[in-house]
Amino acid sequence: MSGNSWGRVGRLGYLAYCSAVFLFLTAPILVIVPLSFNVEPYFTFTEGMLSLDPQAYSLRWYRTVAEDPQWLRALANSLVIGFAATALATALGTLAALGLSNPAMPGRSLAMSLLISPMVTPVIISAAGMFFFYSDLGLAQTYPGLILAHTALGTPFVVITVTATLSGFDPNLTRAAASLGAGPVRTFRRVQLPLIAPGVISGALFAFATSFDEVVTVLFIGGLDQRTIPRQMWAGIREQISPAILAVATVLIAFALLLMVVVEWLRRRGNAKPA
Amino acid sequence: MDSPQKVHVEFEGVSKSYDGRTVVVRDLDLAVYEGEFLTLLGPSGSGKTTCLMMLAGFQTPTSGTIRIGGRAVDDLPPRKRDIGVVFQNYALFPHMTVGENLSFPLEVRGMEPRQIRERVRGALELVRLEGLEGRRPGELSGGQQQRVAIARALVFEPALVLMDEPLGALDRRLREEMQYEVRRIQRRLGVTVVYVTHDQQEAMAMSDRVAVFQRGRIEQVAPPEALYEEPQREFVARFIGDNNLLRGKVVGVEGDFCRVEVGGQIVTAFRVVPCEVGDPVSVAIRPERVAVAPEPGLYGNEFDAGIDDITFLGDHLRLRMTVCDTPDFIAKIPNIVGHGAVLEGDRVRVGWTLTDGRVLEPDGPETGSK
């Protein structure tokens, strides 16, 4: 009996502890959301907001963002660069993962660590390196330059997710396709790709999120024309402290949440599939 | 199998090593005839699956040549060999329906949709799965998946079909049913089948000929009856069915028979392989050919035996005895004399005919025991 009640206390304590950890992790993000609806141009909660007065809330900062050509330009840049880098990273990363999944390939672990290295190298170092390298090639302050930089940062995610999916892939399926007369391209399109699609798509989403959130390489390589949303936020915080940034941040949080939900959904679908 | 036959597949001096040190297949010669059901039988790791994979083109021989229809296929990729392959785990495409799985090889060959539908229907009929086109492999039972895999390997009408332990995952009853089915389909279509298994009963039940593998070599290739009745080497004698092996030395040769000294006694046995006086040999005797307490003088070989134990197995009794100083000598006697006619610890006479004892080459020192 007493053991039982102690178990209950322990469980409650454990729950409280976990909740505290979660709160600590998410509070700085969550606090942004209500502030973005502030009617006043401040970064603090007004008395009206705290008393839940509807008059203290508004969508004005969202309107400001939606009407500001600089923010719209940044959004367009983020989307163009994000999609292009994602397409490249997905294609390259999938190809790399397929090659690395072949046990006969020499130097597999070395190639794998090289491909993953952008994930572990501090971004500031990659960005600085890219800046000097791209400057020589005339790629600095150009769209292709930024797209390539984000491709390099996004590819590891695709390599990792696709490799994980391939680890559960039956190599006999590839052999079966070959024995039935299919060439490598048809085998990839009809047999491999449909089965590893969940890994490819979640890798692509991670690559897109990486590009969409990235500010360091944009600072180094992007010119005025290539300002992305994070870069615009950076400028906004330094130059004109306005809750418009909070509105953008809230939209980005919602967007990131959506991406995570999609990734999780794909992962479950991939797992539920009979082997 | 009597008329002169055309060779369909030929292995000539084929060796395979994956790492350059361990040899998996050793200087192998083998011919498979057109329309034949040939089984590669052997314990795991004996090289039989590697041979199949080399024939399918998934592995390349380290040396030697494989010919299909007289043509060397060393440089021919698997997709151009036109061989149906049935994999151990079926390898059905899980995201495609049964119909799409079967259509796949036909689409690859650029066939008309109408013709594809007809062929797919015909193939499903052949394996008795009519009407299951729309199902996915995950919705089928193991036996049904196996049939789909067989249908897919046959639907594009290859002349050669390879099967890698295709019935290994099925339970015993389904297995026996499928053995019959596979044989029926093979006979009906007249395709050449190369079949891999480690199950000797399966090999005996299905094959025209069986090639017994051991350590990357073929010990013997023969029809099932010949393999059972006339094994040429100890390994085959032990691997196919049960056999008692008496080891001794040849002390006399007379025509087709030779006299072998085993534990101080003389056993007369049929000479399957050539041998000379002084050769170390093994004499193999099938347990069911051993008569226990026979009428004296009826058999060419008669010895005293001590019964060490008796196992009752329903339709027969299994006696473990010591004969000619050799322990674990097994005799199977039918359960007609009734349980209790012989008792553990009894000393009895045992006998077998001159032809039921067979002289074999003993396994060399490099082959060891099972």
Tally of residues being under 25 Å from the mean Cα position of the chain (by Cα), at negative phi and outside any helix (DSSP H, G or I) across the stretch A:95-144 = 6
Within the stretch B:229-242, residues being in contact with a Lys or Arg (Cβ under 8 Å, 6 or more places away or on another chain) and surrounded by fewer than 22 Cβ atoms within 10 Å (Cβ to Cβ) number 4
For the stretch A:169-186, how many residues are within 34 Å of the chain's Cα centre (by Cα) and either within 7 Å of chain B (Cβ to nearest Cβ) or of a type in the set (A, V, I, L, M, F, W, C) (or both)?
-> 6
Does at least one position in the stretch A:54-75 carry a residue that is outside any helix (DSSP H, G or I), in contact with a Lys or Arg (Cβ under 9 Å, 6 or more places away or on another chain) and among the polar types (S, T, N, Q)?
-> no
Exactly one of A:239, A:214 is in contact with a helix residue (DSSP H, G or I) (Cβ under 8 Å, 6 or more places away or on another chain), over 17 Å from residue B:104 (Cβ atoms) and away from chain B (no Cβ under 14 Å), and that one is A:214
Give the stretch B:216-244 a look and list any residue that's part of a strand (DSSP E or B) and at pLDDT below 90, or say none.
-> B:233
Applying the selection to the stretch A:239-254, what residues are loosely packed, with under 14 Cβ neighbours inside 10 Å and modelled with pLDDT of 80 or more?
-> A:254
Among the residues of the stretch B:130-156, write down those that are free of Cβ contacts under 8 Å to residues at least 24 places away in the same chain and more than 29 Å from residue B:80 (Cα to Cα).
-> B:130, B:131, B:139, B:141
Residues (outside any loop (DSSP other than H, G, I, E, B) and away from chain A (no Cβ under 14 Å)) located in the stretch B:67-77 = B:67, B:71, B:72
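Residue-by-condition table, conditions (1) over 25 Å from residue A:196 (Cβ atoms); (2) free of Cβ contacts under 8 Å to residues at least 60 places away in the same chain; (3) not charged (D, E, K, R):
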residue	(1), (2), (3)
B:75	yes, yes, no
B:92	no, no, yes
B:113	yes, yes, yes
B:158	yes, no, yes
Which ranges mark the strands (runs of 3 or more DSSP E) fully within the stretch B:1-66 that have 3 or more residues being surrounded by fewer than 17 Cβ atoms within 10 Å (Cβ to Cβ) and of a type in the set (D, E, K, R)?
-> B:23-33
Scan of the stretch B:128-170 for residues that are surrounded by 23 or more Cβ atoms within 10 Å (Cβ to Cβ) and away from chain A (no Cβ under 13 Å), ordered by number = B:146, B:147, B:167
Could you check residue B:101 against (1) within 14 Å of chain A (Cβ to nearest Cβ); (2) in contact with a Ser or Thr (Cβ under 8 Å, 6 or more places away or on another chain); (3) surrounded by 21 or more Cβ atoms within 10 Å (Cβ to Cβ) and say which number it fails?
-> (2)
Of everything in the stretch B:78-97 that's in a loop (DSSP other than H, G, I, E, B) and facing another protein chain (nearest Cβ under 7 Å), which residue is nearest to residue B:159 (Cα to Cα)?
-> B:87
If you take just the helices (runs of 4 or more DSSP H) that sit entirely in the stretch A:160-241, which of them hold at least 1 residues that are in contact (Cβ under 8 Å) with a residue 40 or more places away in the chain?
-> A:193-213, A:216-221, A:229-239
Report yes if residue B:258 is in the same structural domain as residue B:353 (by TED's automatic domain parsing) and within 15 Å of residue B:363 (Cα to Cα), otherwise no.
-> no
Residue that is farthest from residue B:39 (Cα to Cα), among those in the stretch B:206-251 that are out of contact with any Phe, Trp or Tyr (no Cβ under 8 Å at 6 or more places or on another chain) and of a type in the set (Gly, Ala, Ser) | B:248
Top-ranked residue in the stretch B:117-127 [being assigned to a helix (DSSP H, G or I) and more than 14 Å from chain A (Cβ to nearest Cβ); ranked as surrounded by the most Cβ atoms within 10 Å (Cβ to Cβ)] | B:124
The stretch A:136-148, residues that are surrounded by fewer than 18 Cβ atoms within 10 Å (Cβ to Cβ) and more than 9 Å from residue A:221 (Cβ to Cβ) | A:136, A:137, A:138, A:143, A:144
Please work out which residue is surrounded by the most Cβ atoms within 10 Å (Cβ to Cβ), limiting yourself to the stretch A:200-226 and to residues that are among the small types (Gly, Ala, Ser) and touching a Lys or Arg at 6+ places or on another chain (Cβ under 9 Å).
-> A:202
Scanning for something assigned to a helix (DSSP H, G or I), of a type in the set (A, V, I, L, M) and either more than 14 Å from chain A (Cβ to nearest Cβ) or farther than 23 Å from residue B:142 by Cα (or both), does the stretch B:107-116 turn up at least one residue?
-> yes
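The values are calculated or read from the model by the stated rules, or taken from the named source; none is laboratory data. Keep in mind that what you see is a predicted model, and the values were worked out from it rather than measured. Every residue, glycine as well, gets a Cβ built from its backbone with ideal geometry; the counts of neighbours run over all protein chains shown.
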